[in-house]
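In what follows, a structure is listed as structure tokens, so that the remarks can point back to it.
Derivation of every value follows stated rules applied to the coordinates shown; laboratory data play no part. Source: prediction; values computed, not measured. For neighbour counting, all protein chains shown are included, and Cβ atoms are generated from backbone atoms with ideal geometry for every residue, glycine included.
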Amino acid sequence: MNAAAEAMQRRHGDSLWNKAWRKFRHDRVGVVALLVVCAYAIVALGVVLGWWATGWADISGPKWAPLSSEHWLGTNIIGQDIFSRAVYSTRTAFEVGLIVALGATFIGAVLGAIAGFFSATWIDEAVIWLMGVLDSVPFILLVAAIAYSLQDSPWAMHIAMIATFWIGTARLVRGEVIKLKGQEFVESAHAIGLGRMTIIFRHILPNTFHVLLVQATLSFVAAIKSEVILSFLGLGVKDGMSWGLMISESTFEVLAGYFNNFIAASVLMFGLVMAFNMFSDALQDALDPRTVK
């Protein structure tokens, strides 16, 4: 009986994902947004592999050099190539976004699933209390406080964002698990004597993957924006370069009438954030069980 239930569940899952993919690929805005995100990802991968932007920290020109074939976006106040620094910052954005998205989604999935399965018990109340406490503090203040307290750690910014971003995922997963735990395949798992943790992580949690996928993309975007803010405030990236640091260092340049640094960082960040937001919206529409037919 359990095997039959699992087979039926797999067939239903395959059908859901196939229908979602067909719907997504007909969303032109979503497909274009995905292609833009992939282009950014290729740029970031090239930086990791050392294909380009290797001299982002080198002083390769005069102070505030104009746009030229040698310096496509000019140089900053000490003669560093702005284009190389902007391209290198793409790697930082993806690194922070991926780490935070995966960490926050994992924690939110685990705590949300446990809270939902043990709903109306002290375990559920403890998780809800923790989410309420963290939610009661303004987001930026909480992230800044955690990042400041761990500023000697290279992972301070990542830990700070993961500690706050898991809450939204946990709430959604908790609601999904409360609905799923009354389904027949869960009752069958109980009937054959499977343990509670096995039921949660092997049978229930995989059925919330559509929620986790959308939440991961939203966390990715939020992490990039938060990194820019924290780096601008001096609480973000320490060793390396990011769009937030470029905007921070351009403060004095803008006052002097030089906008290349600010424009390069702002435009690249805007492009990635907008593309990922549109991709997330399209993905959410495609995976919405009320619209997937």
Angle in degrees between helix 209-232 and the longest Cα principal axis of the chain, rounded to the nearest 10: 30
Lysine-lysine proximity count for the chain, Cα under 30 Å, sequence distance 8 or more or distinct chains: 12
Dipole of region 202-293 [Lys/Arg +1, Asp/Glu -1 at C-beta], most positive-end residue of ASN260, PRO206, PHE270: PRO206
Net dipole in debye of the chain [+1 Lys, Arg Cβ; -1 Asp, Glu Cβ; about Cα centre; nearest 20]: 900
Highest-first arrangement of 259-267, 178-186, where packing means the average Cβ count within 10 Å: 259-267, 178-186
Residue-wise HN-Hα coupling along region 109-115, computed from phi with Karplus coefficients 6.51, -1.76, 1.60 (Hz; x: Gly, Pro): 5, 5, 5, x, 5, 5, 5
Value of Rg/Rh across the chain [Cα atoms, Kirkwood radius]: 1.06
Packing-based ranking, highest mean first, of 152-164, 125-137 given that Cβ atoms within 10 Å are counted: 152-164, 125-137
Helical contribution to [θ] at 222 nm, DSSP H n ≥ 4, -39,500 (n - 2.57), averaged over the chain, rounded to 500: -24000 deg cm²/dmol
Calculated P(r) of region 24-153 - Cα pairs past 19 Å, %: 71
Folded to 0 to 90 degrees: helix 260-287 orientation relative to the chain principal axis, Cα: 20
Acute angle (nearest 10 degrees) that the helix 122-135 long axis makes with the longest principal axis of the chain, alpha-carbon atoms: 20
Linear extension gain, ALA120 paired with ARG196, 0.36 nm per residue minus alpha-carbon span: 25.8 nm
P(r) tail fraction, region 132-277 - alpha-carbon pairs more than 18 Å apart, %: 67
Normalised contact order of region 96-207, rounded percent, pairs of Cα under 8 Å and 6 or more residues apart: 37
